[in-house]
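The values are calculated or read from the model by the stated rules, or taken from the named source; none is laboratory data. As the structure is a computational prediction, the values presented were derived from the model and not from experiment. Every residue, glycine among them, receives a Cβ derived from its backbone with ideal geometry; neighbour counts consider all protein chains shown. Note: accessible area is taken over every heavy atom of the protein model, side chains too, but ligands, DNA and RNA are not part of it. Shrake-Rupley method; radii C 1.70, N 1.55, O 1.52, S 1.80 Å.
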Amino acid sequence: MSNTEKRGFHRVRNMLSCRQVLNLLTMLGFMLNYALRVNLTIAIVDMVVPTETNTTASGNNTLTGNLTDTSSLASSNININNTSTDGVEVLEERFNWDEYQTNFVLGSFFWGYVLTELPGGRLAELIGGVRVFGHSMLWASLLTLVTPLAAHLNYVALIVVRVALGFMLGATWPAIHPVAAVWIPPMDRSKFMSNMMASSLGAAITMPVCGYLISVAGWASVFYLTGGIGLLWSLCWFSFVYETPATHPRISAEERREIEEAIGTSTSKKRPSYVPWSDLLCSPAVWAIIVTHGLSVFGFFTVINQLPTFMSKMLHFDIKKNGLFSSLPYLGKYVMAVASSYLADHLRHKGTLSTTATRKLFTSFALVTPGLLMTAQVFLGMDPTWSVTLFTLALFAHGAVTAGYLGNGLDIAPNFSGTIFGMANSLSSFGGFLSTWMVGVLTFHNQTFHQWQIVFAILATTYISAAVVFVLLGTGELQAWNNPPERKKIGDVAQEEGMPLKTEK
């Protein structure tokens, strides 16, 4: 490294600590994580031939290509001229997918997503969360860049790409817990975990930006932009983030000592080579996290996914006409996540509340509040103003889970926090499917407010039950099985030790 580069690194180090860089890149990483996940959801509206186009071969002034009959339209892709906001026509290829095929493409992401939750968390514990998180995002970005090519090649090729994308992104959420276990002092972990909620901030930004980009440059531009930014982020991640403070070449002695002394022995210097499954699976504290997360995410998915349907069918309110409203719940959730996490860590630092009391208090607030609001929705849901307000407040309050159970695995077993969250997220991944099925069964050929009242009552029960489970079973105490004895004749899976910290004279 040249003297100029060294001086540059020293200037950066003086401006931002290594933990601040980690926090910033983690926040941006989860924003991108959501963008890479939902870009197709936004773009597919413009990728598929409109319904009215599928039903008629008329309107030759808007179609180019040979559209002699309905059968040719169903068997080949067509080009459609879209007029952008600048008045420039953008010639795009669109695909003749029916509603079933469209939903099949959208749902294929979850096939890969559910497969890597648990393995991703355990792999991060063994080889390091920085590697797993970084490589997952890198490959997801590359897959995003080839998505337009896959769509043009073949319908099946697009499905394969989306399954692979889900496979990569599924490992990211549990992988960040082992990163926090070695980099973030226990009393600051609530604040760090709020970075995961930057996915909500990503949603608030991605939807309007991608919508504008599609109108200007076409649907393929969405994938090129998000994939390109993902590659840039990956370059920064691998350049500035390291597995442990001990292996970071630019960390100051003071920062490293502060981190290592605060963490102490709660996170092992050598990664345990096996998971004490019997102790873990018999732990009420672990099941408190798993069950609470599953119920919580079920409620969240139901509100997010079914809100537009309820607004449209019952209130005759087109949520898409109000871009600000569609972004407000996501922005509110992120603001609550950050504010509640800072408050939680402040209360723990001051000794006002124990870790156990803090986790239970904020989990109760984050889940009981939406439960009560959904109860109010049962009685006030037919009023558009009340309905919009109640939904927005419910999502806003839900952001406080970052100060509650979301990072609780780091409290009870930092050495296995990736495995615990992988188990919890594997269960919760089915929440989206279950919520869609539930609403479909209740409202099939029966779109009445009475049926939606049943949905809201189920949501209220789900949220409040989740809080009750955590209050009864949850704890913030470090579990004895967090540091299991090594088995004989099994080689250690050593953590990178790095250079020993020099003591100051």
The residue that is farthest from the chain's Cα centre (by Cα), considering only those in the range 378-389 that are crowded, with 17+ Cβ neighbours inside 10 Å and closer than 19 Å to LYS333 by Cα, is SER387
Among residues belonging to the range 329-340 that are within 18 Å of PRO370 (Cβ to Cβ) and in contact with a Ser or Thr (Cβ under 6 Å, 6 or more places away or on another chain), point out the one that is surrounded by the most Cβ atoms within 10 Å (Cβ to Cβ). ALA337
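Look at the range 180-219 and say how many of its residues are out of contact with any strand residue (DSSP E or B) (no Cβ under 8 Å at 6 or more places or on another chain) and closer than 30 Å to GLY107 by Cβ. Steps first, please.
Going through the range 180-219, the residues out of contact with any strand residue (DSSP E or B) (no Cβ under 8 Å at 6 or more places or on another chain) turn out to be 180-214.
With the extra rule that they be closer than 30 Å to GLY107 by Cβ, the set shrinks to 193-214.
Qualifying residue count for the region: 22.
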Scanning for something open to solvent by 40 Å² or more (accessible area, probe 1.4 Å) and among the acidic types (Asp, Glu), does the range 259-273 turn up at least one residue? yes
Which one of the conditions (1) under 22 Å from the mean Cα position of the chain (by Cα); (2) open to solvent by less than 20 Å² (accessible area, probe 1.4 Å); (3) modelled with pLDDT of 70 or more does PHE325 fail to meet, given that it meets all the rest? (3)
Kindly establish whether VAL216 is at pLDDT below 90 and outside the structural domain of LEU410 (by the TED database). yes
When you scan the range 341-355, do you find a residue that is surrounded by 24 or more Cβ atoms within 10 Å (Cβ to Cβ) and under 21 Å from the mean Cα position of the chain (by Cα), even just one? yes
Out of (1) open to solvent by 40 Å² or more (accessible area, probe 1.4 Å); (2) within 23 Å of TRP183 (Cβ to Cβ); (3) modelled with pLDDT under 90, what's the single condition that is false for PHE317? (2)
Could you list, in sequence order, all residues of the range 401-443 that are closer than 19 Å to LEU123 by Cα and of a type in the set (Phe, Trp, Tyr)? PHE416, PHE421
Unmet requirement for THR389, which otherwise passes all of (1) free of Cβ contacts under 8 Å to residues at least 24 places away in the same chain; (2) more than 21 Å from PHE300 (Cβ to Cβ): (2)
Go through (1) of a type in the set (S, T, N, Q); (2) touching a helix residue (DSSP H, G or I) at 6+ places or on another chain (Cβ under 6 Å); (3) closer than 29 Å to ALA413 by Cα and name the single condition SER273 misses. (2)
Tell me which of these SER221 doesn't satisfy, since it passes every other one: (1) more than 17 Å from the chain's Cα centre (by Cα); (2) buried (at least 22 other Cβ atoms within 10 Å of the Cβ). (2)
Filter the range 357-371 down to the residues that are of a type in the set (Val, Ile, Thr) and open to solvent by 30 Å² or more (accessible area, probe 1.4 Å) and list them by number. VAL368, THR369
Out of all the residues in the range 93-109, is one or more in contact with a strand residue (DSSP E or B) (Cβ under 7 Å, 6 or more places away or on another chain) and open to solvent by less than 10 Å² (accessible area, probe 1.4 Å)? yes
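For the range 38-50: of the residues being in a helix (DSSP H, G or I) and closer than 14 Å to LEU158 by Cα, which is most open to solvent (accessible area, probe 1.4 Å)?
THR41
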